[in-house]
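Let me begin by presenting the structure, written as structure tokens, before commenting on it.
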Amino acid sequence: MLHFVTNQSASEEIYLPPFAPVLLESMRAIGYSFQSALADILDNSISAGAKQIDIRFSPYGEPNVAVIDDGCGITAEKLVNAMRHGSADPRAKRLPSDLGRFGLGLKTASLSQCRRLTVVSKVNDTISAKRWDLDVIGKREDWILLGLTLEEIRALPHLAELEALSSGTMVLWQAFDLLAAGESSVESALGQQMDTAREHLALVFHRFLSPERPYSSIRIVLNGNPVAALDPFLISHRGTQPLPEEEISVGGEKVHVAPFILPHISKLSMADLTIAGGEEGLRRNQGFYVYRNRRLIIWGTWFRLIRQEEITKLARVRVDIPNSLDHLWTIDVRKSAAYPPQVVRERLKIIISRIAEGSRRVYTFRGRKASNDDVIHTWERLVTRTGVDYVINREHPLMKALEAITDDHYQQLVQRLLKTIETTFPFDAAYADMASERRPSAGTHGSKYEELYTLAATMLDALGRDTDYARKLVVSLSSIEPFSFYPDETSSIQRKLLDADR
């Protein structure tokens, strides 16, 4: 016989708050990395209107990390609520510039890295401080938020920097237990994590670090060294191709899409490659870069709309979404994952096809822009019924010069040589090298100027220096391969040849 235990008069209501020590220890495994946790703290600083954010860390003695901003600060009463887990309703409408969502980031991000979180804020010459200490919570077995005394506040590291500001906030991490797991020491682990964090912050906040109209830039300083922006689109590089921007209407809001085609790897310096993610990162980091209020939240993915391919590795797409669409993009607590709603995915599929083709063209022709056919290329790509052929351009000025100095008897031999080169080109080896990101040799031995000048002079001697064709050739050198790859040297060569002709 079964016996049911019920409340006969009314349905039962049980007040069942979470057990603080267990819940907080469990939430530490929510998935924050050190750098993503630090970025979450900076979100609060930016939302508070900070213009400068100083990140201080000390790996010695009692290791600590402090984030100090010159934002508007927060009063003692509001600080208590800010320290509450779930201090903001994710469904509530936020200010357009607000980078938060769940009201959890400050607490969960911090306690995922340390056991003691202290927040100190200054408003109207008044300083207040509150602290979450997991050891205290474990002993008391309850949600005990500590308010610090004046003496305890005075003993905090880096307090002088906050006191020097008219207003601002300091977030202080102490008692790093997880950081030392599997490491030789907290000191070495903290230093390595901060090195990684510098690059992460430089990328995630690059649009805040560089002036972007109509916004003013902010300054992030790590132990006295400014963090420089890492622009994944290489917008300042003259070889980058910005494609037409588009807008997608979603729920009365606008999603802005701005595609870019990066320059071919042969056009990138080592500094450019570092910004673009390194040689291996070129392929891995292709795809969409989603920004929420200009803050990068996810990158290097096509959202399974197309596959990551070697041939499309130069394509990167900036997608700007407002925080009012968080619910449609399923933004997670860490602000490191998002997925576009169906209406956006359908439009992105159309955009992707155009973007991918642009990347293919740049990848196929070294440094060649899809919209620019003015360059006289050494190789031509011909689409035939049976596939694609690569042939040497018979109209190239070098070919014209060779014809001018070769008698009819040897012309046939020259043509056979060219045909042999075309039909024996090592396509498989070339593709394998490019797929492994082995950069083609740029011929760095000797002077490039002297090599190009000798080449130009030889062509002119063969064609006749006093002919109209020769004069036009000198003027158009910058649009002829290989001269087009070296604009500075070519410009000097043109001046020298034109001066000699006068």
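Yes or no: Glu187 among the charged types (D, E, K, R), surrounded by 13 or more Cβ atoms within 10 Å (Cβ to Cβ) and free of Cβ contacts under 8 Å to residues at least 24 places away in the same chain? No: the conditions fail for Glu187. One residue is enough: does region 9-30 have a residue meeting the conditions on the phi < 0 side of the Ramachandran plot, in contact with a Lys or Arg (Cβ under 6 Å, 6 or more places away or on another chain) and at pLDDT 85 or above? Looking through region 9-30, none of the residues is on the phi < 0 side of the Ramachandran plot, in contact with a Lys or Arg (Cβ under 6 Å, 6 or more places away or on another chain) and at pLDDT 85 or above.
Could you please find all residues in region 294-324 being charged (D, E, K, R) and either modelled with pLDDT of 90 or more or more than 19 Å from Leu262 (Cβ to Cβ) (or both)? Working first, answer last.
Our first condition is that a residue be charged (D, E, K, R); within region 294-324, this holds for 294-295, 304, 307, 309-310, 313, 316, 318, 320.
If the condition is that a residue be charged (D, E, K, R) and either modelled with pLDDT of 90 or more or more than 19 Å from Leu262 (Cβ to Cβ) (or both), then Arg294, Arg295, Arg304, Arg316, Arg318, Asp320 are the ones that fit.
Just one of the numbered conditions (1) touching a residue at least 24 places away in the same chain (Cβ under 8 Å); (2) in contact with a Leu (Cβ under 7 Å, 6 or more places away or on another chain) is not true of Lys448: (2). Of everything in region 134-172 that is assigned to a loop (DSSP other than H, G, I, E, B) and of a type in the set (S, T, N, Q), the residue that is farthest from Asn124 (Cα to Cα) is Thr149.
Residues that are assigned to a strand (DSSP E or B) and over 17 Å from Val344 (Cα atoms) within region 298-314 comprise just one, Gly300. Confirm whether Ala356 is within 28 Å of Asp428 (Cα to Cα), touching a helix residue (DSSP H, G or I) at 6+ places or on another chain (Cβ under 8 Å) and at pLDDT 85 or above. The answer is no for Ala356.
Among the candidates Val221, Val227, the residue that is closer than 17 Å to Phe57 by Cβ and in contact with a Leu (Cβ under 6 Å, 6 or more places away or on another chain) is uniquely Val227.
State whether one or more residues within region 214-227 are assigned to a loop (DSSP other than H, G, I, E, B), touching a residue at least 24 places away in the same chain (Cβ under 8 Å) and surrounded by 18 or more Cβ atoms within 10 Å (Cβ to Cβ).
Filtering region 214-227 for residues assigned to a loop (DSSP other than H, G, I, E, B) gives 214, 216-218, 223-224, 227.
Subset that is touching a residue at least 24 places away in the same chain (Cβ under 8 Å): 216, 218, 223, 227.
Next, from what is left, pick out any that are surrounded by 18 or more Cβ atoms within 10 Å (Cβ to Cβ): 218, 227.
The answer is yes; a qualifying residue exists.
Any residue that is closer than 22 Å to Lys107 by Cβ, surrounded by 14 or more Cβ atoms within 10 Å (Cβ to Cβ) and free of Cβ contacts under 8 Å to residues at least 40 places away in the same chain - is there at least one of those in region 173-181? Yes: one or more hits. Taking region 455-492 as the range and being in contact (Cβ under 8 Å) with a residue 12 or more places away in the chain, in a helix (DSSP H, G or I) and farther than 20 Å from Lys400 by Cα as the test, the residues that pass are Phe485, Glu489, Ser491, Ser492. Does region 179-199 contain any residue that is part of a helix (DSSP H, G or I) and either over 34 Å from the mean Cα position of the chain (by Cα) or assigned by TED's automatic domain parsing to the domain that holds Val290 (or both)? No - not one qualifying residue is present in region 179-199. Within region 309-331, residues that are at positive phi sit with their Cβ atoms under 9 Å from residues that are at pLDDT 80 or above, at 6+ positions apart or across chains, in these pairs: Thr330/Tyr339; Thr330/Pro341.
Would you confirm whether or not region 253-261 contains a residue that is of a type in the set (D, E, K, R), in contact with a Ser or Thr (Cβ under 7 Å, 6 or more places away or on another chain), at pLDDT 85 or above and over 17 Å from Ile350 (Cα atoms)? Spell out how you get there, then give the answer.
To start, the set of residues in region 253-261 that are of a type in the set (D, E, K, R) comprises 253-254.
Filter once more, so that each one left must be in contact with a Ser or Thr (Cβ under 7 Å, 6 or more places away or on another chain): 253.
Remaining after also requiring at pLDDT 85 or above: 253.
Applying the additional criterion that residues be over 17 Å from Ile350 (Cα atoms) yields 253.
Among the residues of region 253-261, at least one is of a type in the set (D, E, K, R), in contact with a Ser or Thr (Cβ under 7 Å, 6 or more places away or on another chain), at pLDDT 85 or above and over 17 Å from Ile350 (Cα atoms), which makes the answer yes.
Among Arg439, Arg502, which is modelled with pLDDT under 75 and more than 30 Å from Lys267 (Cβ to Cβ)? Quick ask: steps written out before the conclusion?
On the way: Arg439 fails: more than 30 Å from Lys267 (Cβ to Cβ).
On inspection, the qualifying residue turns out to be Arg502.
The values are calculated or read from the model by the stated rules, or taken from the named source; none is laboratory data. Note that the structure is a prediction, hence the values are computed from the model and not measured. All Cβ positions, even for glycine, are placed from backbone atoms using ideal geometry, and neighbour counts span all protein chains on display.
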